[in-house]
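> After the structure tokens below, expect a handful of questions from me.
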Amino acid sequence: MRKQILTIFVALCFSAIVVAQQPQGGGEHEQLPSHVQRLNHVPVNQEILKVKLPHPKEVQLPNGLTLMVLEQHKLPTISVTLWIKSGALSDPKDMPGLASFAADLLRDGTSKRSGTQIAAELDEIGANFGANAGFGSNLTSITASGLSESADKLMDLMSDIVLNPSFPTDEIERYVRREKTSLIQQRTNPAYLARERFNQAVYGNYPAAILAPTTESLQKIKPDVLKEFHQAHYVPNNAIMGIAGDITVDQATALVKKYFGQWKGHSVPNPPSTSVAAVGPARIFLVDRPGSVQSNILAGGLSLRRSDSDNIPLEVANRVLGGGSAARLFMNLREEKGYTYGAYSRVSSNIYPGTFAANTEVRNPVTDGSLHELMYEFKRLRDQKVPQAELDDAKRSLVSSFALSLENPAAVIARWMDVKYYGLPADYWDRYSDEVAKVNADTVQKMAQKYIDLDHLQIVVVGDAKDVREAVSKYGTVQVFDAEGKPVEAKAAAGASSGK
């Protein structure tokens, strides 16, 4: 008993020490280290950087469906991923969210099974099913996974859900009520408000500017509208299927032919445009969120398409800038300045140009300082070559993350599906590690100068205008919006900043 009490006491003391060492929101900067020493190494065995990605077997079905199968027999499980090459970018202009509605409602009933029956049968075999058509993408992703011994039943259920959805009226009504509540909740989320304003600034009238459905589009959901979209886009010649896990190529092919072989193909609507207009001059947007004690900062601009040759060098540049907790933004704004719990940057790419953006959440009093440091790190990456040791760390970290992701067969098959969907070179992942290794300091600087375009930088700050508007105004003319996304008149915004 005494040993148990002593053990608990020691554990509590250790926990108290750990908590005391965490940065506190209201702490003084002097309590934090003024300089962070970079040890110039990543604790990873060099052998892990010699990555060889297993290849799937590709099969083309007579109806046009592309099948990719990756055998991996370590565990008695399989995962199935089906990509419909139509998504949010294919939404009608007057009904944003239609692709998402169709995906979300797939499993709520078919011509053979009710939603309750589908759920019960999935539970019976311990399987999972999901479908998603995220905004900003033109893919509808449908996934299913379970034990390999239940592969036949899993494919039976998946094919019924994908090919025969009935979109029951009662399920639609419940869905609409839930989504209306979600729309209201989104308006209270500062991260969402920042992304919304940033995407609208960067993409203008392009569909990628849309992040959520509207109340009006929700009201238009009817079974016939969903069935029309489904029939137009859910066709085998507009799809890629990947199967990974404890299954042979012959077994997988036989199952797909059995359950998806009668899926009939036909021509699909023209794909959406991938052309995005150039971003205008640098601007600053302030989304007024009265009562907020933090500022959510998001700054960046357009990047590149997934098929562009700059992708890998830009990944390396991003890893240096803000791609992790050892990157510059985190080390500066958190470790050295104590402004935030985290500061990061991210590169996205798609069939259209994605974005390169940095973000952080900080206390109102340090909004000015955080913007200053953010701009400093942007300029430093543009103006100065990255030291070799720091660059080596970033490249090792990037390849190590890639290597670790290969433990998941579903992630591996998804990478090869990327190659097919985006039209990447067939040996793209075979050369990935070597291409990362080739990136030098000159290339990183070129990427920064090309994609961190300060003359067209779009800065969004979500916070209490009366507290942060003066600080934000130091970086340019501010356009103010309310939490509903509506512009606030300059006169009213000026009055708010002066406390009138």
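Every number in this text was worked out from the coordinates using simple rules, so none of it is lab data. Fair warning: this is a prediction, and the values are worked out from it, not measured in the lab. Note that we place each Cβ from the backbone using ideal geometry, even for glycine, and neighbour counts take in every protein chain shown.
> Please compute P(r) over all alpha-carbon pairs of region 283-497, binned at 5 Å starting from zero, and give each bin as a whole-number percent.
1, 7, 14, 17, 17, 14, 11, 8, 6, 3, 1, 0
> Using only the alpha-carbon atoms, how far is helix 388-405 inclined from the longest principal axis of the chain? Give it as 0 to 90 degrees, nearest 10.
30
> Next up: Let me know the volume per residue of the alpha-carbon convex hull for region 121-235, in Å³.
147
> Apply the Debye scattering formula to region 82-155, with a single equal point scatterer on each alpha-carbon and no solvent, then give log10 I(q)/I(0) at q = 0.22 Å⁻¹.
So the normalised log intensities work out to -0.95.
> Something else: Please list 208-219, 236-247 highest first by mean number of surrounding beta-carbon atoms within 10 Å per residue.
The packing order, highest mean first, is 236-247, 208-219.
> Too long at a 25 Å Cα-Cα cut-off: which of K112/K180; K93/K222; K379/K466; K85/K227?
Over 25 Å Cα-Cα: K112/K180; K379/K466.
> Quick check: residue separation of Q231 and Q186 times 0.36 nm, minus the Cα distance between them. What number comes out in nm?
Fully extending the segment from Q231 to Q186 adds 13.1 nm.
> Moving on to the next point. How many angstrom lie between the Cα centre of region 64-103 and the Cα centre of region 169-183?
Result: 23 Å between the Cα centres.
> What Kirkwood hydrodynamic radius, in Å, does region 235-364 give when the mean of 1/r is taken over all pairs of distinct Cα atoms and then inverted? Before the final figure, lay out the partial values.
Working: mean 1/r = 0.0523 Å⁻¹.
Across region 235-364, the inverse of the average 1/r is 19.1 Å.
> Give the dimensionless ratio obtained when the Cα radius of gyration of region 396-458 is divided by 2.2 N^0.38 Å.
1.41
> What is the fewest-to-most order of T66, T188 by other Cβ atoms lying within 10 Å of their Cβ?
Final ranking by Cβ density, sparse to dense: T188, T66.
> Moving on. Between H456 and T116, what length comes free when the chain is fully extended (0.36 nm per residue of separation minus the Cα-Cα distance, one decimal in nm)? If you can, show how the numbers build up before the last one.
Numbers: separation 340, 0.36 × 340 = 122.40 nm, distance 5.16 nm.
Taking H456 through T116 to full extension adds about 117.2 nm, to one decimal.
> Using the alpha-carbon centroid of each, what span in Å lies between region 189-208 and region 287-360?
If you average the Cα positions of each part, the centres end up 15 Å apart.
> Taking only Cα atoms, what is the 0 to 90° angle, nearest 10, from helix 367-383's long axis to the longest principal axis of the chain?
70
> How much of the calculated P(r) for region 322-418 lies past 24 Å, in percent of all Cα pairs?
36
> Further question on the same structure: Measuring from centroid to centroid over Cα atoms, what is the spacing of region 425-465 and region 239-255 in Å?
Here the answer is 36 Å between Cα centres.
> Based on the alpha carbon coordinates of region 57-260, what radius of gyration and maximum Cα-Cα distance (Dmax) apply, in Å?
Gyration radius and largest Cα-Cα distance of region 57-260: 18.0, 51 Å.
> Could you bin all the Cα-Cα distances of region 173-231 into 10 Å bins starting at 0 and give me the percent of pairs in each, rounded to whole numbers?
Taking every Cα pair in region 173-231, the percentages come to 20, 40, 32, 8.
> Another question, if that's okay. What do you get for the angle between helix 115-124 and the principal long axis of the chain? Use alpha-carbon atoms, 0 to 90 degrees, nearest ten.
Here the helix axis deviates by roughly 90 degrees.
> For region 283-497, what is the charge dipole size about the Cα centre, in debye to the nearest 20, if Lys and Arg each add +1 at the Cβ and Asp and Glu each add -1 at the Cβ? Please report the intermediate quantities before stating the final value.
Working: 27 positive and 29 negative charges, 40 e Å.
Roughly 200 debye, rounded to the nearest 20.
> Further question on the same structure: Among the DSSP beta bridges whose two residues both lie in the chain, what percent are antiparallel, rounded to the nearest 5?
For the chain, the DSSP antiparallel bridge percentage is about 70.
> Which of the GluC sites (Glu not before Pro) found in region 392-486 are loop residues per DSSP with 13 or fewer other Cβ atoms within 10 Å of their Cβ? Can you show the working numbers first?
On the way: sites: E407, E435, E470, E484; in loops: E407, E484.
Here the GluC sites (Glu not before Pro) that fit, given the DSSP loop and packing criteria, are E407, E484.
> Report the Cα-based extents of the chain along its three principal axes, largest first, to the nearest Å.
Cα spread of the chain along its principal axes, largest to smallest: 67, 62, 57 Å.
> What lysines sit close enough to K395 to cross-link, taking a C-alpha to C-alpha distance under 19 Å and skipping anything fewer than 8 places away on the same chain?
K50, K52, K385, K438, K446
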